[in-house]
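As structure tokens, the structure follows; a few thoughts come after it.
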Amino acid sequence: MLTDQQQMILAKAFKALADETRLCVIQTLAELRSPVGQQVLVSHLENNGRAVSQQNVSYVLREFVSAGLVASHRVGRNRLYFILPNVVTDCLLFIHNLSPEEIPNAATQANN
């Protein structure tokens, strides 16, 4: 059973991820595997066919920081963002523990 604090942390994290654009941003951060600035994220998203404004990326990153999914540090005049694995791991474990059996792939289920 989750404590009240654990429930709050997970709820904030899932809420922060509950959008297609936000999922693209966090996936891009994970793929790049190193701290990156907003402009690098915007460029990478655009190069992969996902047009997202710098303003939107900035908002999404603030939401991620607030939810504990992402942190940042300043380098000169730039702020670099990176994923914090603790909350992400907690989210994955929570989902995994919802079912004692292996959770089937949704795409596979839709095709059957």
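Subtracting the Cα-Cα distance from 0.36 nm times the residue separation, let me have the gained length for residue 86 to residue 56 in nm, one decimal. Show your work: numbers first, answer last.
Working: separation 30, 0.36 × 30 = 10.80 nm, distance 2.48 nm.
That pair, residue 86 and residue 56, stretches by 8.3 nm at full extension.
About the centre of its Cα atoms, the chain shows a dipole size close to 600 debye [charges on the beta carbon of Lys, Arg (+1) and Asp, Glu (-1) only; nearest 20 debye].
Computed from Cα atoms, the angle from the helix 54-67 axis to the main principal axis of the chain rounds to 50 degrees. Under the definition of Cα pairs under 8 Å and six or more residues apart, what whole-number percent is the relative contact order of the chain? Value for the chain: 27 percent.
How large is the helix-only mean residue ellipticity at 222 nm for the chain, computed as the sum of -39500 (n - 2.57) over DSSP H runs with n ≥ 4, divided by its residue count, in deg cm²/dmol to the nearest 500? If you can, show how the numbers build up before the last one.
Values: 6 runs with 69 residues, N = 112.
Taking each H run of at least 4 residues, the total per residue is -19000 deg cm²/dmol.
Taking square-rooted eigenvalues a ≥ b ≥ c of the alpha carbon gyration tensor, is the chain rounded, prolate or oblate, where a/c under 1.5 means rounded and, failing that, a/b exceeding b/c means prolate? Note, shape of the chain comes out oblate. Cβ-to-Cβ counts within 10 Å put 81, 59 in ascending order as 59, 81, the fewest first.
Every read-out reported here was derived from the displayed coordinates using simple, explicitly stated rules and does not represent laboratory data. Everything numeric in this text was worked out from a predicted model, so none of it was measured. A quick note on method: Cβ atoms are made from the backbone with ideal geometry, for glycine too, and the neighbour counts reach across all protein chains shown.
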